[in-house]
Amino acid sequence: MSFQVPEAVRDRLVSLYDKLASEGKLLGEKAIREQQARFRERFGSEVLARLDGEELLETMHNHSNHDSLVYWLEFKNDDEFRTYYFGGIGGGSAFNYKIYRQKGTGVWIAGSPQRPKRLTLREAIAVARRHRDQLVEASRALAELSPSASDEEYLKLQQYLNEAAPDVSDTAWGHKYLSLLHPEKLDDFHNPHWQRFYLVKLLQEPPPHQGRYVAAGRYAHLATYFGWPMSDMTTVFKRCFGLPHRYWLFNIGTHTPSWDTIRDQEVIALCFSKLGELSWLLPKRESIISLAEEIAAADPSLAQQARTLAKQINWFVTRVSEGDTVVVVSGQRVLGIGRVAGGYLFSGEQDFPHRVPVEWLAEGNSLRQVNLSDLRLPPLGETALISAITDYRAMTQIERSSWARPLRPAPEGLTGIPRRIRDVLERKRQVILYGPPGTGKTFWAERTARELAARYAFGKAFGDLAPAEKEEVLGSSGQEGGLVRMCCFHPAFGYEDFVEGYRPQTIDGQLSFTLQDGIFKRLCRDAAAHPHRRFYLIIDEINRGDIPRIFGELMTVLERRDHPIILPLSGDLLRVPRNVYVIGTMNTADRSIVLDTALRRRFGFIELMPDPDLLRDAVVEGIPLDRWLAALNRRIREHIGRDARNLQIGHAYLMHGGRPITSFDSFARALREDILPLLQEYCYEDYATLERILGNRLVDASAQRFREELFQRDRKEELIEALRAAVPEIITSPDVTQASQEDQAAGGDTDPK
């Protein structure tokens, strides 16, 4: 068997393998072989062949028995055997195994979810024997297969297994069992679609025949080609290419904008403005019927095709997902190939309000010679909207075409707070992160803006950018001009700083006032000049400025993008482009907070609260930081009273460089220089309340002071005891304390927060 992995693909995979291996994120050949050997010792075909009767039944099929075959295949995940590393087979139901023991009754059940059948013990044992015999025979056939078998030989294996092991070979658990016994011959993708998807991503057209075993030879040869253990190799494939996604054809026609429009606005979009928002749709027949009725009512001329349109619109709203590949066509011509960058959005003020964001991968001249006949797909009619691509040959050709402007690897998907920020920005284009101090608002704003700008501009995570690319995102040192820019509002910040205004300037020794553009106007100008980039403005402490004065007439155009306004000073037309995004931060502990109602309507809001879980496993001198912070905030809520929820202490005070602090010196500095002054402000210097929060060993209420002397180096033990006494509900074991001392002896971080 001969095939060629393109050099760019190979280099990307090798680089990722080296990175994951250096970070300890691959199991490695030694551990993989040890765990596979343990599995064979317990459940190898020779072992199963020696079992019979009730012992065989229990060993093979009792999920509640943690020493059973099915438990090891699906659930066991510990140092002895990390089953998930050898491919997941979850999902579905216990009927996937054709037989299972019902909890509570202990009765063995077969059949299907719709028609379950109770088995006698003898009948259940007969099923287990049949499964055993088929697994043993399938394993024998694999043992006889040549290590360098061709596609044709794997096809013959598939055909033989279909006849010799029909009950087990075409199941995920049967495939996983055989792959663990023969890892040099079978991949650990136990789903046929997954097997073919990753071959497509490697630009290898999968074998045309169906079955779980016909494509396995490709992976056996790939493992030899790369020199990696099978399970490490498939882990790298998943990390590089992501989980399987769909491929779609999107047709430029009667009910869509032009190609130029969707290319420039980085979306695929549908008109149907009379239908209103469609996020209520579900991928169900009932939703399609309801939508068809709405289409016919909104436009009677579409009544005959309403059902077909409803089905395709339903796909557009409910099935097109982030990471999918979309091919835009017009007639026979392929106009562009893109990667879906988010879910369905509704933009009511547009002529084409139903949108899905897309990052374009290849377009224009690079695709001039590609048409639907190249993809071996039928042409779409004028009124067709979208169609799923299910032919693997076509998928492979799409991937190869995408490399006309080299297809960038998809970075790992955003999760957690960055994903929430992105989702709000896609919906409203403005978001405010709010919460108590120290909850990471500015950190997440900067990190997310950098990440989004990098991904949309270069298709890579920010950390993977080259120095020149990072400079394009952040701007040159000491100069404005990057894709991500930042300002901070304060009482003196005004309209002239943000939009435009007259500023003093000395020319030839003479003081004069000249009209100058502000930071937001400059950002809008640059964004308009580069419509294929996304620009992000971070406004730190947005609530500290006089918002109505700063924003002025921008309040209108923030909501109505592409609608220009005339600026009163310069007379210029200002349009806020759709590729401008604003992220604000707001400290809820600031008692002077007053947000303009109009501003609230135009921004989405995400609350960030203290998260002790980010300090989990961090122990300093026997003090677990997560529980210490949780206990401190509980006392704040109990004793400060009104608005105490917004006056808690954020986790960031106990972190450095994105990680929990590890040395007591850092902890003491954060406490003395950050946390105590903040609590003093919260309590209006009410030392009786401070004593109830922090304890009398740290606060001297009668003298109206903190016991500053405890922070001297020679009184470290007293300070530790004072901190423990303040939160006696925190109990640390000797093991935890010992671990903390060992960490400190090894050298912790000594930098201040």
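The values are calculated or read from the model by the stated rules, or taken from the named source; none is laboratory data. Just so it is clear, the structure is predicted and the values come from calculations on it, not from any experiment. When we count neighbours, we look across all protein chains shown, and the Cβ atoms used for this are built from the backbone with ideal geometry, even at glycine.
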| query | Identify, please: which residue in the range 211-227 is of a type in the set (Gly, Ala, Ser) and in a loop (DSSP other than H, G, I, E, B) and is, among those, surrounded by the most Cβ atoms within 10 Å (Cβ to Cβ)? | reply | 215
| query | Of all residues in the range 320-359 being more than 30 Å from residue 238 (Cα to Cα) and hydrophobic (A, V, I, L, M, F, W, C), which is farthest from the chain's Cα centre (by Cα)? | reply | 352
| request: Pull up the range 624-657, narrow it to residues that are out of contact with any Phe, Trp or Tyr (no Cβ under 8 Å at 6 or more places or on another chain) and over 26 Å from residue 685 (Cβ atoms), then point me to the one that is surrounded by the fewest Cβ atoms within 10 Å (Cβ to Cβ). | output: 657
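Scan the helices (runs of 4 or more DSSP H) fully inside the range 106-210 and keep the ones with 1 or more residues being acidic (Asp, Glu) and more than 38 Å from the chain's Cα centre (by Cα).
In the range 106-210, 121-144, 151-164 are the helices (runs of 4 or more DSSP H) which contain 1 or more residues that are acidic (Asp, Glu) and more than 38 Å from the chain's Cα centre (by Cα).
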| task | Taking only the range 271-313 into account, find how many residues are among the basic types (Lys, Arg) and over 22 Å from residue 248 (Cα atoms). | result | 1
| task | Mind checking which helices (runs of 4 or more DSSP H) fall wholly inside the range 472-577 and carry at least 2 residues that are without any contact (Cβ under 8 Å) to a residue 40 or more places away in the chain and under 30 Å from residue 266 (Cα atoms)? | result | 519-529, 554-559
| Is there a residue being touching a strand residue (DSSP E or B) at 6+ places or on another chain (Cβ under 9 Å) and farther than 30 Å from residue 644 by Cβ anywhere in the range 430-445? | no
| field | Subset of the range 75-105 (residues that are in a helix (DSSP H, G or I) and modelled with pLDDT of 90 or more) | value | 83, 84, 85, 86
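Every residue, every condition in (1) in the same structural domain as residue 220 (by TED's automatic domain parsing); (2) in a helix (DSSP H, G or I); (3) surrounded by 15 or more Cβ atoms within 10 Å (Cβ to Cβ); (4) touching a residue at least 24 places away in the same chain (Cβ under 8 Å), yes or no:
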position	(1), (2), (3), (4)
15	yes, yes, no, no
20	yes, yes, yes, yes
24	yes, no, no, no
27	yes, no, yes, yes
30	yes, yes, no, no
37	yes, yes, no, no
| request: Within the range 578-626, count every residue that is at positive phi and in contact (Cβ under 8 Å) with a residue 60 or more places away in the chain. | output: 2
| field | Selection count where residues are loosely packed, with under 15 Cβ neighbours inside 10 Å and closer than 13 Å to residue 552 by Cβ, scope the range 565-579 | value | 3
| message | Could you check the range 60-83 and list, in sequence order, the residues that are of a type in the set (Val, Ile, Thr) and without any contact (Cβ under 8 Å) to a residue 12 or more places away in the chain? | response | 83
| field | The one condition in (1) over 19 Å from residue 581 (Cβ atoms); (2) at pLDDT 90 or above; (3) in contact with a helix residue (DSSP H, G or I) (Cβ under 9 Å, 6 or more places away or on another chain); (4) surrounded by fewer than 19 Cβ atoms within 10 Å (Cβ to Cβ) that residue 477 fails to fulfil | value | (2)
| query | Among the candidates 51, 69, 73, which residue alone is within 21 Å of residue 234 (Cβ to Cβ) and in the same structural domain as residue 106 (by TED's automatic domain parsing)? | reply | 73
| message | Tell me yes or no: at least one residue of the range 730-738 is among the charged types (D, E, K, R) and either modelled with pLDDT of 65 or more or outside the structural domain of residue 672 (by TED's automatic domain parsing) (or both). | response | no
| field | Subset of the range 714-729 (residues that are in a helix (DSSP H, G or I) and among the aliphatic types (A, V, I, L, M)) | value | 719, 720, 722, 723, 725, 726
| query | Taking the stated definitions as given, is residue 566 closer than 15 Å to residue 602 by Cβ and either in contact with a Pro (Cβ under 7 Å, 6 or more places away or on another chain) or modelled with pLDDT of 85 or more (or both)? | reply | no
| field | Among residues of the range 1-46, those that are within 31 Å of the chain's Cα centre (by Cα), acidic (Asp, Glu) and under 24 Å from residue 176 (Cβ atoms), counted | value | 1
